[in-house]
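Working notes, structure below.
What follows is calculated from the coordinates using simple rules that are stated; it is not laboratory data. The model shown is predicted, which means the values in this text are computed figures rather than measured ones. As a convention, Cβ positions derive from the backbone with ideal geometry for all residues, glycine included, and neighbour counts pool all protein chains shown.
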Amino acid sequence: MAVMVGKGAMTNSIEELAGADLLLVVGSNTTEAHPVISIRMKRAVRNGAKLIVIDPRKTELTKWATRHLQINIGTDIPLFNAFANVMIKEELYDREYVESRTEGFAELARHVETYTPEYAADICGIPAEEIITAAREYAAASGKAAICYTLGITEHSCGSHNVQSVANLGMLGGNFGKPNAGVNPLRGQNNVQGASDSGALPTDLPGYQKIERPGFREKFEKAWNAELPKRRGITKITAMDQMLRGGVRGVFIMGENTVISDPNTNHAQTALEAADFIVVQDIFLTDTAKLADIVLPAATFAESDGTFTNSERRVQRVRPAIDPIGESRTDVDIMLDLMKRFGIRQNLASASDVWDEMRMLSPLFEGITYKRLDAEGGIQWPCPTDDHPGTVYLHKDQMDSGMPGYFAPVDHIPPAEPTDAEYPLTLTTGRRRSTYHTGTQTGRASGFDLLVPSEFAEINPYDADQLELKDGQKVMVSSRRGSVEVPIKITDRSPHGTVFMSFAFPELTQTNRLTSDAYDFITETPEFKACAIRIDKITSASNAAD
Amino acid sequence: MTTQIERKLNVAINGIEVGCNTDSRVLDAIQTAGFDVPTLCFDERIGPQGTCRICLVDVEVDGQTEQVAACTAFVADDMKVDTHSESIASYRKTILELLLSETASPANCPKCISFKKCELHSTAEEYGAKWDAFPSLVTREKAQDDNPFIQRDYDYCISCFRCTNICNDWEQASAIAVEGRGQENSIASYFNDNLLESPCTFCGQCINTCPTGALTDRKVVGKTKSENLERTKTVCPFCGVGCGIHLLSEDGELKGTEPDFDSANRGSLCVKGQFASWEFVKSEERLKFPLIKKNGNFQRASWDEALDLVTSRFTEIRDEFGPDSLVFWSSARSVTEANYLMQKFARIGIGTNNIDNCSRT
């Protein structure tokens, strides 16, 4: 989305969702993954808003939906292109907005001509009339329609094109730069926004200042009094391939259970095992830490000073409630110590000092100080000056990039690994409310075993019937990369042909042994949402073989 | 385009004049004027209920005086409000004593003992209301519910219905409802079963809105002393919503979590933030000292040994294979400042832009 309008972040704020006339939620199991955001969505519905949920699965949110488009997995682009087709053909798009704020409309119009509702209906597996009605509803709420999406859009090999097709709709509807509207990626992890804001990206210095664009590198060289490498770096996915080929020899991993959370566990593990030297800084001896040569004990959020930036660009203070346990130290302390050993001279002693250095180099958050955060609570960037109140929604008078919004004509790309006779089912992965990510933290909270005791594979009654499986029966789920044993739950939450699993119980069920390492060719986000699998009964013979 | 002129009403609160909108309630006007009246059934997120009557105030309009519940009554032009007249104070005291007669002894109130003085008992103290002024009406049956999260002790319930309203109208979970009428009413779960068998998502909102000790966090209650409890305002460590929380600690040890009503989430939390955000910090499995792997086994090391070894190995690899043979992956779970330092270290300490975070997974 950054390519089209300037920033890859929620354009609007969480609270604003409650005031939208229409919410279009796609690839987001909000009630499970972002429960507190789903409260705002439900409130909008109670206030009379329409809620269109686009999801191959039935979820709790689909019960609240005024319309559920249960499309086939990975067919978002043809659906949204067909939306665009209807909006343009019936002249329901915001013409004034499109003319004054965007470029590339003619190309888009030409491009989506072939994506008639009938054509898309075939690919998406839903009736054409549903697509037409939904597109009309979205258009009718022009200027007050908010799109929300999460990993169901990005975790596909065509993830960045999915996002672009969503942003096309946002512009056609005139929904960028208005309250209770916009296009809103709901971020998964507490500080995924802050990590990217800080410049922990191979292409960007702090505040999204491109390392390869003239001027920025020089500015940081001057501030840091050191020379900076000129060429962009490599992403995690590329780095893992490079480890296998000997190009990458050493890795420093801070607070991430790569082996469990990354796709194709076997691949991630083999890659890390090929590295000469691994440092892991974490709070537990995770499966990833076990592969390390050196493990550094880090403090948790409850023992740390600093900031997290949430999904709506809100910078908020994190404060220590207790001292770090044992000899563990905060991530900031450890990094400062290590930097000193590398002879880096800097006048930084605390998280507050570090924040000040970063904000003074980044106009995006220059006006946000700890003092203000303590007095005012969270502040949303952009916030360039001390007296700037922060920004509730982006692109107000013009696109944040300072340029027109560019329409991106994109085509349907099916998931990288289609089903076939040998692997006839599609596995899609996701979250459950009472577990978080790889379960290293929620797995240690008492009582949570009563909510979701262990992993189970959700399978449609029709598929279970075909395979002659009983509810709760333990089965072998296999993909081209590996197998896991797991009990099944028969439910029509999963559509015919689709199996759902999470990855929160790695001790027993390493779901990511199954997932594909196909990834989006622009963002390199892995395709967690679709891979081909088969399900086999566990016979006494296969048990004996174990 | 016509400009809509908003009609402002003049209201005097204890002699202080404030301008109010036509749809303002008396309670809004009182708060705008900088005064406070006690409330028990009121939660601004779900609007006025008018069940507890503790916010009664004297109002005078066109020479007529009456007593109204400030939370539900609308303002009128030239209304005069007296929030703390003698008769009102005496009314409130009586109402409190009637409410107290429906509850068990304040001496055993779970919220007062383990968290902080509950709203009912702190208001009672303020008005000098006595628990035994009226014969006790505590006849409620105990809820048999052994769920590990929410303790339900209806001996302290005053039927304010904040819990059912927050569950139904704010969370929209519809796990609990009012059963029975009048004196016979009680808070019931789905088919009066254990909450684990209900649509309850254990978001903890009922606990946090309850003005008495009827609903409490079972993980905390009985394990802390309210007078020693410290609260640290911070942010939930789980998803990207970034809900404000307070960590509860006692003598340097974490004890629990409460939502922060002043942050953007307005007190909302989910089951993870309410019930899973602190125990992992105290886990016995936490790494407590640096480890260095020798012959395939981890051995305890000092910080100097560990960081010296990191320094020498990174330097060797960089010198032999070049800076781009090293990669750095920072953490979307850690604070922004640590991420900033790691990218700065990669770029000027090592000389590579091979820095990435886990935003792709």
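Enter the mean projected area of the convex hull around the alpha-carbon atoms of segment A:192-380, in nm², rounded to one decimal.
11.7 nm²
Taking H as built 1.01 Å from N, whose amide H comes closer than 5 Å to the amide H of A:Ile533, not counting residues under 5 places away?
Residues meeting the amide H criterion: A:Leu425, A:Thr426, A:Leu427.
Say each of B:Arg181 and A:Gln473 gets a label point 7 Å from the Cα, pointing the same way as Cα to Cβ; how far apart are those two points in nm?
5.3 nm
Packing-wise, with mean Cβ within 10 Å as the measure, how do A:222-228, A:152-158 rank, highest first?
A:152-158, A:222-228
Enumerate the lysines that A:Lys340 could reach by cross-link, defined here as Cα to Cα under 17 Å, with residues fewer than 8 away along the same chain left out.
B:Lys344
For segment B:140-208, run through the GluC sites (Glu not before Pro) and keep only the ones in DSSP coil with at most 11 other Cβ atoms within 10 Å of their Cβ.
B:Glu141
Going by a ≥ b ≥ c, the root eigenvalues of the Cα gyration tensor, does segment B:291-360 fall in the rounded group (a/c under 1.5), the prolate group (a/b larger than b/c) or the oblate group?
Verdict is oblate for segment B:291-360.
Please give the contour-minus-distance gain from A:Arg67 to A:Tyr462: 0.36 nm per residue of separation, less the Cα-Cα distance, rounded to one decimal in nm.
Here the answer is 139.8 nm.
Would you work out which of A:Leu169, A:Ile535, A:Leu469 lies farthest towards the positive end of the dipole of the protein assembly as shown? Charges go on Cβ: Lys and Arg +1, Asp and Glu -1.
It is A:Ile535.
Which value in deg cm²/dmol, rounded to the nearest 500, describes the helix-derived mean residue ellipticity at 222 nm for the protein assembly as shown, given -39,500 (n - 2.57) per DSSP H run of n ≥ 4 and division by the residue count?
Calculated at 222 nm, the ellipticity per residue is -7500 deg cm²/dmol.
Set Lys and Arg Cβ to +1 and Asp and Glu Cβ to -1, take the dipole of chain A about its Cα centre, and tell me which of A:Pro424, A:Thr391, A:Ile260 lies farthest positive.
Going by the Cα projections, it comes out as A:Thr391.
Write down, largest first, the equivalent ellipsoid semi-axes of segment A:318-391 in whole Å, where each equals the square root of 5 times an eigenvalue of the alpha-carbon gyration tensor.
Each semi-axis is √(5λ); the values are 27, 17, 8 Å.
What list do you get for B:Trp329, A:Trp355 if you sort them by fewest beta carbons within 10 Å?
B:Trp329, A:Trp355
First measure r as the distance between the Cβ atoms of B:Glu253 and A:Leu508, then evaluate 1/(1 + (r/R0)^6) with R0 = 22 Å and state the FRET efficiency to the nearest 0.05.
For B:Glu253 and A:Leu508, the calculated efficiency is 0.10.
Near A:Lys63, which aspartates and glutamates are there with a Cα under 16 Å away, not counting those fewer than 8 places off in the same chain?
A:Glu32, A:Asp55, A:Asp492, B:Glu171
Taking θ as phi - 60°, what are the ³J(HN,Hα) couplings along segment A:530-539 by the Karplus curve (6.51, -1.76, 1.60), each to the nearest whole Hz, with x for Gly and Pro?
Each residue's phi maps through the Karplus curve to give 7, 8, 8, 9, 10, 10, 10, 5, 8, 9 Hz.
Which lysines, on any chain, are close to B:Lys8 with Cα under 28 Å apart, when same-chain ones fewer than 8 places away are left out?
The reachable lysines, counting only those whose Cα sits under 28 Å from B:Lys8, are B:Lys80.
How about segment B:110-156: which trypsin sites (Lys or Arg not before Pro) there lie in a loop by DSSP and see at most 10 other Cβ atoms within 10 Å?
B:Lys142
Explain nothing, just compute: Karplus ³J(HN,Hα) = 6.51 cos²θ - 1.76 cosθ + 1.60, θ = phi - 60°, for every residue of segment A:319-333 in order, whole Hz, x for Gly and Pro.
For segment A:319-333, the Karplus-derived couplings read 10, x, 8, 9, 6, x, 7, x, 9, 4, 10, 5, 4, 5, 4 Hz, x marking Gly and Pro.
P(r) tail for chain B, what percent of Cα pairs lie past 29 Å?
Taking all Cα-Cα pairs of chain B, the fraction more than 29 Å apart is 57 percent.
Put a dot 7 Å past each Cα toward the Cβ at B:Lys80 and B:Leu137; how far apart are the dots in nm?
Between B:Leu137 and B:Lys80, the label points sit 3.5 nm apart.
In Å, the Kirkwood hydrodynamic radius of chain A over pairs of distinct alpha carbons?
For chain A, inverting the mean 1/r across all distinct Cα pairs yields 24.8 Å.
For segment A:231-271 and segment B:259-289, what is the separation of their Cα centres, given in Å?
The two parts, judged by their Cα centres, are 30 Å apart.
Suppose the chain between A:Lys219 and A:Thr203 were pulled fully straight at 0.36 nm per residue; how much longer would it get relative to their current alpha carbon spacing?
Length gained, A:Lys219 through A:Thr203: 4.2 nm.
Can you pick out the pairs among A:Lys371/B:Lys255; B:Lys233/B:Lys288; B:Lys93/B:Lys272 whose Cα atoms lie more than 30 Å from each other?
B:Lys93/B:Lys272
For labels at A:Asp420 and B:Lys223 in the simple 7 Å Cα→Cβ model, what's the distance in nm?
Inter-label distance under the simple model: 5.3 nm.
Between B:Leu269, B:Leu100, B:Leu307, where does the largest GNM mean-square fluctuation fall for chain B, given springs only between Cα atoms within less than 10 Å?
Highest fluctuation among the options: B:Leu307.
Give the whole-number value, in cubic angstrom per residue, of the convex hull volume spanned by the C-alpha atoms of segment A:425-545.
120 Å³
Taking just the C-alpha trace of segment B:1-113, give me its Rg and Dmax in Å.
Rg then Dmax for segment B:1-113, in Å: 16.4, 63.
What size of dipole, in debye to the nearest 20, comes out for segment A:364-449 about its Cα centre when the only charges are +1 on Lys and Arg C-beta atoms and -1 on Asp and Glu C-beta atoms?
The dipole magnitude comes to about 420 debye.
At what distance in angstrom do the alpha carbon centres of segment B:91-165 and segment A:505-522 lie from each other?
Rounded to whole Å, the Cα centres lie 51 Å apart.
Explain nothing, just compute: Karplus ³J(HN,Hα) = 6.51 cos²θ - 1.76 cosθ + 1.60, θ = phi - 60°, for every residue of segment B:186-196 in order, whole Hz, x for Gly and Pro.
After applying 6.51 cos²θ - 1.76 cosθ + 1.60, I find 8, 8, 10, 9, 3, 6, 6, 9, 4, 4, 4 Hz.
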